[in-house]
Protein chains: 2
Amino acid sequence: MITNKNCIIRLSRYKNALYRLQALGFVKVFSDNLADAVGVTASQVRKDFSIFGISGNKKGGYQIDLLLEKLNNILGKDRLQKVIVVGGGHIGSALMRYRGFEKEGIKIIAGFDIDPAKINRSNPVPILPLEEARIFIKTNGIRIAILAVPDIAAQQALDLICAAGIKGVLNFAPLRLKAPESCIVNYVNLEIELENLIYFVNVAEKTE
Amino acid sequence: MITNKNCIIRLSRYKNALYRLQALGFVKVFSDNLADAVGVTASQVRKDFSIFGISGNKKGGYQIDLLLEKLNNILGKDRLQKVIVVGGGHIGSALMRYRGFEKEGIKIIAGFDIDPAKINRSNPVPILPLEEARIFIKTNGIRIAILAVPDIAAQQALDLICAAGIKGVLNFAPLRLKAPESCIVNYVNLEIELENLIYFVNVAEKTE
DNA sequence: TTATTATTGTGAAAAATGGAACAATATGAT
DNA sequence: ATCATATTGTTCCATTTTTCACAATAATAA
């Protein structure tokens, strides 16, 4: 069983690079082409594939369409993923407007907020009262949620959606949340990403 | 010299957790408190500190204010970081409106776009023509940029800002870019984050 | 003062990750 | 048909990262 998050991220990147190659008219690809496109070594590419039993042809490389099929299957992209957003603030509403997910087979089907002023049932992505989240999650069988509420509200909101059946959360609140075993929480934090970048830029500046 | 990105990310998280503890009135903290708050082991906390020569008191833990001072120093948070955003689309403009960076000492001071319709010099964060980026970066000594332009334009935009003196880029375009030695590029990709989450949720579902 | 206890700091062990190297082999050339 | 070549798949090795374990020691209690 694969627990290496980086490995799965690389699979996503291979997939994205393959679509670009395919759009350029390529039909097959070698491990070192993919390695270049994604910024890893060719060994790494082949090993990643080998872990998932993906094989190519000696001297012939990999056929892009078959490879994409396998990667999409591994990444669960063979069916539409319905996602909800909890929190209708800056980040939440930007995510609801963002069209980039759709081409990846990820569809945000509703947003939720406690503030009655934010409710809007006629939006392309309707924004509903948080009280309705539980029943919405259950009736629509939603497994994935994006959590974009203020720090102070994050734990409570998480408890609510986990209890309703959410299995995975992408959390934008900048603190660690306690989730039940049944629910995986991943963290996105742009401030930390920037801090990280600033640190390495500073280090590079000092050592040059 | 520290090259471990995860380690630096943990420092940011320790810092954030320490501010919360401080706000609750705590004055000192033990490695296992921090470990709980951040979701790592106590050994890890102490080892991270040890790497940077941060020391506490046997049986007394760490004094929060001193610890914060050291972490902030390491993370370059002792001075305001001025950042520009390249690209005035959905993501770019959401970032320019986002107020969360300011409390972290990160200030977005301008945006840039090629589309004349997006130019707006009287905005709180002015949006300027991309042609002006070069001179703006040089005259203001900007080192950090956020790149939020369409895939197709990303490499060219990166070349431009690197030539103007940018040393670090947080790139939202979902492809690997070629940057000169002098410039570090980090990647943010929400589609990949969601794919990753979906993968692990699917795995958990299958193995339960 | 001495003993006890809690906590740090770190060296050594273990685990995870990534990379190099090369045997196996399919393809194409002669 | 045979040889040369290019590329995969995998094993083994190196490096990085994390965890364990415990000596050192400061604070507190007796």
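The values are calculated or read from the model by the stated rules, or taken from the named source; none is laboratory data. Remember, predicted model here, so these are calculated numbers, not experimental data. Quick reminder, even Gly has a Cβ in these numbers, built from the backbone with ideal geometry, and neighbours come from all protein chains shown. Surface accessibility is based on the protein's heavy atoms, side chains included, excluding ligands, DNA and RNA. Shrake-Rupley method; radii C 1.70, N 1.55, O 1.52, S 1.80 Å.
Quick notes
- Sequence-distant lysines (8 or more away, or on other chains) whose Cα lies within less than 19 Å of B:Lys28: B:Lys15, B:Lys47, B:Lys58, B:Lys59, B:Lys70
- Distances from B:Pro116 to itself in the other copies, using label points 7 Å out along the Cα-Cβ axis, amount to 4.8 nm in increasing order.
- Between 0 and 90°, nearest 10: helix A:5-23 axis offset from chain A longest Cα axis: 70
- Seen from all directions on average, chain A presents a Cα convex hull projection of 15.1 nm².
- Inter-part distance, the stretch A:25-41 to the stretch A:112-132, computed on C-alpha centroids, equals 44 Å.
- Other-copy label distances relative to A:Ile152, 7 angstrom Cα-Cβ extension, nm: 4.6
- For the rotational copy pair B/A, the chain B residue whose Cβ lies nearest the symmetry axis, together with its distance in Å, is B:Ala94, 2.
- Per residue, the convex hull spanned by the Cα atoms of the stretch B:1-53 measures out at 71 cubic angstrom.
- Highest-MSF residue in chain A out of A:Phe136, A:Phe101, A:Phe26 [GNM, Cα springs under 10 Å]: A:Phe26
- Buried surface between chains A and B: roughly 5900 Å² of accessible area, summed over both sides, computed with a 1.4 Å probe on protein heavy atoms only.
- Reduced Cα scattering model of the stretch A:105-208, Debye log10 I(q)/I(0), q = 0.18 Å⁻¹: -0.88
- Anchor A:Lys77: aspartates and glutamates whose Cα lies under 12 Å away (excluding residues fewer than 8 positions away in-chain): A:Glu69, A:Glu102, A:Glu104, B:Glu191, B:Glu195
- Normalising the Debye intensity of the protein assembly as shown to I(0), with uniform scatterers on Cα atoms only, and taking log10 at q = 0.09 Å⁻¹ returns -0.62.
- Whole-angstrom gap from the stretch B:149-184 to the stretch A:164-208, using each part's C-alpha centre: 22
- Mean residue ellipticity, 222 nm, helices only, chain A: the sum of -39500 (n - 2.57) across DSSP H runs of n ≥ 4, divided by residue count and rounded to 500, is -14500 deg cm²/dmol.
- Ascending list, in nanometres, of distances separating the A:Ala23 label from those of the other copies (7 Å, Cα toward Cβ): 4.1
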